[in-house]
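A.B. asks: I'd like to ask you about the structure that follows.
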Amino acid sequence: MTITPDQCRAARALLDISQDELATMAKVGKSTVRSFESGERTPIANNLAAIAASLHAAGVEFIPENGGGAGVRLAKRQKTKSRK
C-alpha cells in the first residue's frame, strides 16, 4: 500500500511519535522521513513500505482514497478478558 505524506504525519500524530522515532522504528534514515513528509521526495519502494509497515505495526490503519480523501485511524484493539 502506498501512503501519502499527509497520512504519515497524521499517523505519527496519532501515535505521538517524532520523525526520529519513526525513522528508528522503520530502520530508515531520519532525512528519509523528513523529506517524505515535507513532500520533497518519495522514498524508494522498500523504505516507503518499511515506514508504512512500522506505523501499521504500531496500531495505525490506513484508509484509502474513497472520494472523501485518504486518511488514518487507530486500529480497534482486541478487548482482553480481565482476570479477577
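A.B. asks: Rounded to the nearest 0.05, what FRET efficiency is calculated for Ile63 and Asp20 with R0 set to 22 Å and r the Cβ-Cβ distance?
C.D. replies: Rounded to the nearest 0.05, the efficiency is 0.30.
A.B. asks: Would you mind checking the tilt of helix 5-15 against the longest principal axis of the Cα atoms of the chain, expressed as 0 to 90 degrees and rounded to 10?
C.D. replies: The angle comes out at about 30 degrees.
A.B. asks: Based on the Cα atoms of the chain, what semi-axes does the equivalent ellipsoid have, where each is the square root of 5 times one gyration tensor eigenvalue, given in whole Å with the largest first?
C.D. replies: So the three semi-axes of the chain are 24, 16, 10 Å.
A.B. asks: When the dipole is taken about the Cα centre of the range 1-41, and only Lys, Arg (+1) and Asp, Glu (-1) are charged at their Cβ, what size is it in debye, to the nearest 20?
C.D. replies: 140 debye
A.B. asks: Note down the relative contact order for the chain as a percent, whole number, built from C-alpha pairs under 8 angstrom at least six residues apart.
C.D. replies: Value for the chain: 31 percent.
Read the figures in this text as sums done on the coordinates, not as results from a lab. The structure presented is a predicted model; accordingly, all values stated were derived computationally and were not measured. Backbone-built Cβ (ideal geometry, glycine too); neighbour counts: all protein chains shown.
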